[in-house]
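Report on the following structure.
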Amino acid sequence: MYKDYRARRHSFENLLAENYVSQMTTFWRQSVHDQIGYLDESLKLAFDYEFWLRLAKRGAPVYLEDRIACFRWYETSKSGANYKRQFEEDAEISMRYMPTGNWLIPLRKSIKSAAIMRMYLLMSKLRRATGR
């Protein structure tokens, strides 16, 4: 629901401040790859975020009201096991697309990232405590 809320308020600046795109819910045409290319294979954990930023520079997304997927986080996934490094890579990517002289977006990004990482840590502790 959180990502749904954020996606409804999409702007390029908001996407720079936080990666709220649920990758399993996105669709695009083949012609988009012809225009912007494919995933950046040099990135290990946030390659989809870099792709979303390239898509967002191209134009605003179309938002579908129907729920077609859910976000699921678990410690043994690639991003779950490396979420701190993922957020570091995420911040590096955001800076590539950041407008010059804008200090507010990086501040928002660091605050949001810290809050999300605290939630991941809490989810990890709860999973260990409950055995799930």
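Rule-based calculations on the coordinates, nothing more; no lab input. Predicted model only: the values in this text are computed from it and were never measured. Glycine also receives a Cβ, built like all others from the backbone with ideal geometry; neighbour counts cover every protein chain displayed.
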- Note on the structure: Taking the stretch 5-46 and the residues there that are among the β-branched types (Val, Ile, Thr) and assigned to a helix (DSSP H, G or I), the one that is farthest from Met95 (Cα to Cα) would be Thr25
- Task: Evaluate the stretch 73-90: report whether one residue or more is outside any helix (DSSP H, G or I) and touching a Lys or Arg at 6+ places or on another chain (Cβ under 6 Å).
- Result: no
- Query: Which pairs do you get when a residue that is under 12 Å from Glu75 (Cα atoms), found in the stretch 109-132, comes within reach of a residue that is surrounded by fewer than 10 Cβ atoms within 10 Å (Cβ to Cβ), reach meaning Cβ atoms under 9 angstrom, with the pair 6+ apart or on two chains?
  - Reply: Leu126/Arg132
- Taking the stretch 52-72 on its own, how many of its residues are more than 16 Å from the chain's Cα centre (by Cα) and assigned to a helix (DSSP H, G or I)? 1
- Item | Ser77 small (Gly, Ala, Ser), within 20 Å of Ser22 (Cα to Cα) and within 14 Å of the chain's Cα centre (by Cα) | no
- Message: Taking the conditions exactly as written (under 18 Å from Tyr2 (Cα atoms) and within 15 Å of the chain's Cα centre (by Cα)), does Met123 satisfy them or not?
- Response: no
